[in-house]
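Q: Here it is, the structure, as structure tokens.
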Amino acid sequence: MATDTKRLKSRIRSIDSTLHLAKAMELVASTKIRGASELMNKNRQYTLTLEDMIKGLAGVPECKKSVYMQKDNGGKVCTVVIAGDRGLAGGYNMNVLKLADSTMAEEFIPVGKRACEKYQRDILKVEDFDYKEAYKLAKELCGCFKSGKYGEIQIVSTNYVSMMTQNPEVQQILPVEMSEDKKNVSIIYEPDEITVLDTLIEKYVAAKLLVAARESFVCELVARRLAMDSASKNASEMIDALTLEYNRARQGAITQEITEIIAGSGI
Amino acid sequence: MKIFRMTISTPDGNLFDGDIQSISLRGAEGELAVMAGHTPFVTITKPGVCKLLLEDNTETSFETEEGILSVWENKASLVTYPKMK
């Protein structure tokens, strides 16, 4: 009996430390969510402005000749995969990586430690992914697209809808979708449409990458908070069950001892 | 003086968002200024100082990197990156 109570006690203690860990991780994640979603919202505005401009330009006849709008140039399909830096976030990483596999892309560029490990590339943390990094990557991607190495560039990331819903999704960034928007035809472009488009495209791709990375980061934190919340709930439940068992065992041992003493005293 | 809405947005949020009288900066083909009622146009801007004349006749300026200025009907926006230090 004594060994039983000892075993139960040490189990309770170890689950208790797991509970503490889960609670701490949950707290860290919830604190980070605020800052991260603020950054994400700022970025969304910037990206929307750029998107509007690109849409306007895509409707201009001159731009239809641009390399960035040509479909099927025979290049490879390149996918930028944005996953998390750390595990313990429920199915977050797996969902993104599974979606990335299903795209049948020939080349992958990972962002986020987990994705980098999967594709065996140098580690690029999603948390530290800032505009400079995004611009560098965008420049490289645009260069490869222009030279015909890549025929299509996609981003696989997790889309943040609300605190409760996040969906992994594939977005196509290049070539730029044709737009039939005719109302922008009267706009004057300086120096000319193609030059503006060429300058704009790198910024647009960078903005798209950055916004996807920041959204994914928020999603990672939200997923982690949810996972840790259910983990601490499970741990508490387990502790309750084990404490009950422990008390029962302890009581059993005491009862037995008393019985033995009484039997020994010969009353 | 007529005013129009101006937004300067960067990846890390808006540098400026409000009503102004005019904006002057370096465009692709030289210095330019935009006032209310300008015809819709889009231009590449060069790195430099961008000066805004506010509603109350005060001036404010921002140092910016290369960007793109677009002017729509009484609404203008400049997407750029703040000067890296």
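Read-outs throughout are calculated quantities, based only on the coordinates presented, and are distinct from any laboratory measurement. On a predicted model such as this, the values are computed, not experimentally measured, just so you know. Neighbour counts are summed over all protein chains in view; Cβ atoms, including those assigned to glycine, are modelled from backbone coordinates with ideal geometry.
Q: Apply the Karplus curve 6.51 cos²θ - 1.76 cosθ + 1.60, θ = phi - 60°, to the phi angles in the stretch A:153-168 and return the couplings in whole Hz, x for Gly and Pro.
A: Residue by residue, the stretch A:153-168 yields 10, 10, 10, 10, 8, 9, 8, 8, 9, 8, 4, 9, 10, 9, 10, x Hz.
Q: Do any of A:Lys76/A:Lys208; B:Lys46/B:Lys75; A:Lys113/A:Lys233; A:Lys32/B:Lys75; A:Lys118/A:Lys146; A:Lys64/A:Lys98 go past 24 Å between their Cα atoms, and which?
A: Numbers: A:Lys76/A:Lys208 20 Å; B:Lys46/B:Lys75 21 Å; A:Lys113/A:Lys233 28 Å; A:Lys32/B:Lys75 35 Å; A:Lys118/A:Lys146 28 Å; A:Lys64/A:Lys98 35 Å.
Checking Cα-Cα distances, A:Lys113/A:Lys233; A:Lys32/B:Lys75; A:Lys118/A:Lys146; A:Lys64/A:Lys98 exceed 24 Å.
Q: Peptide A:38-46: average number of partner chain Cβ atoms within 10 Å per residue?
A: Numbers: counts 1, 3, 0, 1, 6, 5, 0, 7, 11.
Average neighbour count from other chains, rounded to a whole number: 4.
Q: Ok, one more. Let me know the longest stretch in chain A that avoids all trypsin sites (Lys or Arg not before Pro) found in a DSSP loop with at most 16 other C-beta atoms within 10 Å. Walk me through the numbers before you get to the answer.
A: Numbers: sites that count: A:Lys71, A:Arg86, A:Arg121, A:Lys125, A:Lys149, A:Lys182, A:Lys183.
After excluding every exposed loop site, the longest remaining stretch is A:184-267.
Q: Could you work out which residue, out of A:Ile153, A:Ile12, A:Ile187, moves most in a Gaussian network model of chain A, that is, has the largest mean-square fluctuation with Cα springs under 10 Å?
A: Maximum fluctuation in the GNM of chain A, among the listed residues, is at A:Ile187.
Q: Among B:Gly13, B:Gly48, B:Ile68, whose Cα lies farthest out toward the positive end of the dipole of the stretch B:4-79, if unit charges sit on the beta carbon of Lys, Arg (+1) and Asp, Glu (-1)?
A: Projecting each Cα onto the dipole axis, the largest value belongs to B:Ile68.
Q: To the nearest 0.05, how large is the calculated FRET efficiency for A:Gln172 and B:Lys75 if R₀ is 25 Å and r is the Cβ-Cβ distance? Don't skip to the answer; put the middle values down first.
A: Details: r = 29 Å, r/R0 = 1.15.
Efficiency, rounded to the nearest 0.05: 0.30.
Q: Among B:Glu65, B:Glu31, B:Glu55, whose mean-square fluctuation peaks in a Gaussian network model of chain B (Cα, cutoff 10 Å)?
A: Result: B:Glu31 has the largest fluctuation of those listed.
Q: Just tell me which aspartates and glutamates come within less than 14 Å, Cα to Cα, of A:Lys71; anything on the same chain fewer than 8 places away is out.
A: A:Lys71 reaches A:Glu152, A:Glu177.
Q: Please report how far the C-alpha centroid of the stretch A:205-262 lies from that of the stretch A:1-39, rounded to the nearest whole angstrom.
A: Using only Cα atoms to place each centre, the spacing works out to 6 Å.
Q: Using a 10 Å cut-off around each Cβ of peptide B:9-16, what is the average number of partner chain Cβ atoms that fall inside?
A: Working: counts 9, 5, 18, 7, 7, 4, 0, 0.
If you average over the peptide's residues, the count of other-chain Cβ atoms is 6.
Q: How high is the FRET efficiency from B:Lys51 to A:Ser147, r the C-beta distance, R0 41 Å, rounded to 0.05?
A: Values: r = 39 Å, r/R0 = 0.96.
Taking R0 as 41 Å, the efficiency between B:Lys51 and A:Ser147 is 0.55.
Q: Give, as a single signed number, the net charge of other residues whose beta carbon lies under 13 Å from the beta carbon of A:Thr49, with Lys and Arg counted +1 and Asp and Glu -1. Mind showing how you got there, number by number?
A: Numbers: positive: A:Lys42, A:Arg44, A:Lys55, A:Lys203, A:Lys208, B:Arg5, B:Lys75; negative: A:Glu51, A:Asp52, B:Asp17.
Neighbourhood net charge equals +4.
Q: Would you look at the GNM of chain A, springs on alpha carbons closer than 10 Å, and say which of A:Asn95, A:Asn247, A:Asn234 moves the most?
A: Comparing A:Asn95, A:Asn247, A:Asn234 in a Gaussian network model of chain A, the most mobile one is A:Asn247.
Q: Mind checking B:33-43 for the average number of partner chain beta-carbons within 10 Å of each residue's beta-carbon?
A: Values: counts 0, 0, 0, 0, 0, 1, 3, 6, 5, 13, 6.
Per residue, the average neighbour count from other chains is 3.
Q: Output wanted: per-residue J couplings in Hz (rounded whole) for the stretch A:204-221, from phi through Karplus 6.51 cos²θ - 1.76 cosθ + 1.60, θ = phi - 60°, x for Gly and Pro.
A: Result, rounded to whole Hz: 5, 5, 4, 5, 4, 5, 5, 5, 5, 5, 6, 5, 4, 5, 4, 4, 4, 5.
Q: Using +1 on the beta carbon of Lys and Arg, -1 on that of Asp and Glu, and nothing else charged, what's the dipole of the stretch A:105-176 about the Cα centre, debye to 20?
A: Details: 10 positive and 11 negative charges, 27 e Å.
Dipole of the stretch A:105-176, to the nearest 20 debye: 120 debye.
Q: Along its principal axes, what span do the Cα atoms of the protein assembly as shown show, with the longest given first and each in whole Å?
A: 112, 56, 35
Q: Still on this structure, I have one more. Dipole magnitude of the stretch B:4-79 about its Cα centre, charges +1 at Lys/Arg Cβ and -1 at Asp/Glu Cβ only, in debye to the nearest 20?
A: Working: 5 positive and 12 negative charges, 38 e Å.
Computed charge dipole of the stretch B:4-79: roughly 180 debye.
Q: Provide the convex hull volume over Cα atoms per residue for chain B, in Å³.
A: Details: hull volume 6.9 nm³, N = 85.
So the per-residue hull volume is 81 Å³.
Q: Still on this structure, I have one more. Work out how much length A:Lys125 to A:Asp16 would gain on full extension: take 0.36 nm times their residue separation and subtract the Cα-Cα distance, in nm to one decimal. Numbers along the way, then the final one.
A: On the way: separation 109, 0.36 × 109 = 39.24 nm, distance 3.14 nm.
Gain on extension, A:Lys125 to A:Asp16, equals 36.1 nm.
Q: Provide the gained length on full extension for the span A:Lys65 to A:Arg248, in nm with one decimal, where the gain is 0.36 nm per separating residue minus the Cα-Cα distance.
A: On the way: separation 183, 0.36 × 183 = 65.88 nm, distance 8.04 nm.
Going from the current span to full extension adds 57.8 nm.
Q: I've got another one for you. Could you check what % of the DSSP bridge pairs in the protein assembly as shown are antiparallel, to the nearest 5?
A: Working: 43 of 63 bridges.
Within the protein assembly as shown, antiparallel bridges account for around 70 percent of the total.
Q: Another question about this same structure. Among A:Cys116, A:Cys142, which comes first, second and so on when ranked by fewest other beta-carbon atoms within 10 Å?
A: On the way: A:Cys116 20, A:Cys142 23.
Listing A:Cys116, A:Cys142 from fewest to most nearby Cβ atoms yields A:Cys116, A:Cys142.
Q: To continue, here is another question. Which of the GluC sites (Glu not before Pro) found in the stretch A:138-226 are loop residues per DSSP with 15 or fewer other Cβ atoms within 10 Å of their Cβ? Spell out each step's value before the answer.
A: On the way: sites: A:Glu140, A:Glu152, A:Glu169, A:Glu177, A:Glu180, A:Glu193, A:Glu202, A:Glu215, A:Glu220; in loops: A:Glu177, A:Glu180.
Listed in order of number, the matching sites are A:Glu177, A:Glu180.
Q: Applying the Karplus parametrisation 6.51 cos²θ - 1.76 cosθ + 1.60 with θ = phi - 60° to the phi angles of the stretch A:16-28, what ³J(HN,Hα) value in whole Hz is obtained for each residue in order, glycine and proline being reported as x?
A: Ordered by residue, 3J(HN,Hα) equals 4, 5, 5, 4, 4, 4, 4, 5, 5, 5, 4, 5, 4 Hz.
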